[in-house]
Amino acid sequence: MTVATPALTRASGDFQRPDVATQWQLMWWRFKRHHMAMIGLGALGLFLFISVFAEFVAPYGPLQRSKSYLGGEPMPIHFFDAQGDFHLRPFVYARVSKRDPVTLRLLPVVDQQRVWPIELFVRGDSYKFWGLIESDLHLFGVKEGFVHFFGTDHLGRDQFSRTMYATRISMSVGIVGVAVSFVLGTIIGGISGYFGGMADMLIMRLIEFIRSIPTLPLWLALSAALPRDWTSLQVYVAITVLLALIGWTHLARTVRSKLLALREEEFVIAARLSGCSDARLVGRHLLPSFLSFLIVDLTIAFPEVLLAETSLSFLGLGLREPAESWGVLLYAAQNIRSIAHMPWLLIPGAFVIVAALAFNFIGDGMRDAADPYAK
Amino acid sequence: MTPLIEIQDLRVYFPIKTGATFGRVTGYVRAVDGVSIDIRRGETLGLVGESGSGKTTLGRAVLRVVEPTDGRITLHLDGQDVDIRALDRRGLRRIWRHMQLIFQDPYASLNPRMTVRDIIGESLLVNGIAKGGDLEARVVDIVRRCGLDAEHLGRYPHAFSGGQRQRISIARALVMRPEFIVCDEPISALDMSIQAQVLNLLKTLQAELALTYLFIAHDLAAVAYACDRVAVMYLGQIVELANTQDLYYTPKHPYTEALMSAIPVADPDAAVHPILLPGERPDPSNPPSGCRFHTRCRYADAKCRTDAPVLAAIADGHLVACHYASTLTLSGMREEADGTDAAIANRRKENA
């Protein structure tokens, strides 16, 4: 029996062998040291969870109205009641409707004598998970009364639930848009960089042409061309493809420049001398060498697509209700009445900011981690 | 005895284009401009010259890593003459089993995403020479010969030092057992102490595997130590080619004289008077008329400005491209020097 070194016997498994580690492992170790990137990764993970389980996370359906709480403000969570007693189960104060003596409108008023405790895994409104599995289980909810963390809009729809559903749409527009951009950019940029010559010239001029068009008017023109009678699903698909058709140019340029630079790298020449075919050269040597840079580019492209979708929807030319996206929710918040009386309608904007920042942080961390010769 | 490689009037021109899109070719950088040399079987031919003289381009053009513009390259394998410039892509891949390249930068020449085993064994695999256990045995054999530990084959290049990486690079070049190796400044990126190790390794491997080297370098002491013959390049052309000791002690070209005078002496009290060449290296896209060196040569006269000298034998095996090679008395490397001097003496002893 050989005597193992102390380091090797550490059962925790975090003992790192940099000499036998793959490039991906090395990248991950470097990435983990980047705190902002790890926070970004956490935020992204949360958003993805919400996207997948939107029906479960949201206490109400997106169109369900709370008729006694129209335009209601966000309901804060409490642990201590008005008497100063501690409740293990968090609660919201109950609301009662009172008539305003001046306007004679019914207004919800906080009743500090009654509490509505928040419970986990409650049975509430039934829904079809991803349109397939029927269920009525929600992550949280209240047995009596109602709970609106982000308040409600003028129709009484729960802003929190709508934001959860919007997260799904916005994230998927981003992911699908970026994926389509990735495929287009890699293929077109690859042709441009690997074959060069006339094809390269034409593709580069095309990219310059597309990029020289001001984006906002271009989006507006293209989305205005979408038929008004399309369903929200059709519009959603069309918008996604539209954003991708413009978004690939940047990526194609990256792919082209990387290919051009790598073609002259000594290890590529060595591989050629070793007798590698074109296919092996691209697949085994070129592509893996800049894949990490591509991923970085994609992470940074993601918020662009996200913001583009938000801008379009905000202008009323992207997705439309009843489809929910962060941009659609913000569209409702664009008049002065909303900002003055219902500032909580702007909360989805915070999601946009957090998502964009998270992706940028992850991109930063990956860029630092991807450089194999970083210190 | 036929040489291993015959290079005849080799030219490599790179077009200069103006305008990004509809560029017209407005001229050529003449990186290699009419080079003819024979590389003898089993020798180490040194190729020296200042930066930008076309050494690397010449070395790569011989392997057709850089496409030559004109000229002839013939590889004489046993009983078979191969016209390198006439080969198609498949033919090239086959001929690269016999000719390989060792790079200058041991960091850029190894794919950071492959293990050492995959890097070295790749050529055996893609050429269908060996696979499985046979491949492993061949890789282990060459790795041992190159002074590496076979235990480390599973590691990635980043786990190795510069000297070890260069050994990996050498092992990759040699794993198919080629006859001819272009060593493109194989030691200039390494530490002093490592340089000597790699030079010795190259020597040992040459003896064991019957290799022929084209050794490109600018370190004259290393060239003296490693090479049997040395060619001096200036502005894309060979100006002098001779046995190492002839070239070092009795140079016949004024440019070689200037190079030799610049070899540092291992004696701090020695009077050093390097010949300082006036002016800048001329633009290789617009070389001077006549002898290309006349703009910086202290012996140049009217003839040098108009007539281009040809590379001709002045003594047995001593080729010079200078009108006044037989009349000029040029000084070689200082005899009292140590270092380079000792290296040549050592070489003389070995050859005797």
Helices (runs of 4 or more DSSP H) contained entirely in region B:145-230, each with at least 1 residues that are away from every other protein chain (no Cβ under 14 Å) and farther than 16 Å from B:S109 by Cα:
B:192-209, B:220-226
Could you please find all residues in region B:121-155 being basic (K, R) and closer than 20 Å to B:A210 by Cα?
B:R138, B:R144, B:R145
What strands (runs of 3 or more DSSP E), lying completely within region B:63-127, carry at least 1 residues that are within 11 Å of chain A (Cβ to nearest Cβ), at pLDDT 95 or above and under 25 Å from B:L202 (Cβ atoms)?
B:99-102
Set A:S126, A:S172: member being surrounded by fewer than 21 Cβ atoms within 10 Å (Cβ to Cβ), out of contact with any Gly (no Cβ under 8 Å at 6 or more places or on another chain), closer than 27 Å to A:L48 by Cβ and at pLDDT 85 or above
A:S172
I'd like to know if region B:254-267 contains one or more residues that are in contact with an Asp or Glu (Cβ under 9 Å, 6 or more places away or on another chain), closer than 27 Å to B:R11 by Cβ, in a loop (DSSP other than H, G, I, E, B) and not acidic (D, E).
no
Of all residues in region A:267-290 being more than 9 Å from chain B (Cβ to nearest Cβ) and among the hydrophobic types (A, V, I, L, M, F, W, C), which is nearest to B:R60 (Cα to Cα)?
A:L281
Somewhere in region A:333-353, is a residue at negative phi, small (G, A, S) and buried (at least 21 other Cβ atoms within 10 Å of the Cβ)?
no
Considering each of A:G327, A:G316 in turn, give the residue that is more than 14 Å from every other protein chain (Cβ to nearest Cβ) and at positive phi.
A:G316
If A:D368 satisfies every condition in (1) charged (D, E, K, R); (2) crowded, with 20+ Cβ neighbours inside 10 Å; (3) closer than 19 Å to A:A37 by Cα but one, which is the exception?
(2)
Looking at the structure I just gave you, is B:L247 modelled with pLDDT under 90 and surrounded by 20 or more Cβ atoms within 10 Å (Cβ to Cβ)?
no
So which of A:T249, A:T254 ends up being in the same structural domain as A:L218 (by TED's automatic domain parsing), touching a Lys or Arg at 6+ places or on another chain (Cβ under 8 Å), among the hydroxyl-bearing types (S, T, Y) and within 20 Å of A:M204 (Cα to Cα)?
A:T249
So B:G317 ticks every box in (1) within 21 Å of the chain's Cα centre (by Cα); (2) within 30 Å of B:V29 (Cα to Cα); (3) touching a residue at least 40 places away in the same chain (Cβ under 8 Å) but one. Which box is left unticked?
(2)
Inspect all residues belonging to region B:42-59 and state whether any of them is farther than 29 Å from B:A262 by Cα, in contact with a helix residue (DSSP H, G or I) (Cβ under 9 Å, 6 or more places away or on another chain) and crowded, with 17+ Cβ neighbours inside 10 Å.
no
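The values are calculated or read from the model by the stated rules, or taken from the named source; none is laboratory data. Values in this document were obtained by computation on a predicted structure and should not be read as measured data. With ideal geometry, Cβ positions are generated from the backbone for all residues, glycine too; neighbour counts draw on all protein chains shown.
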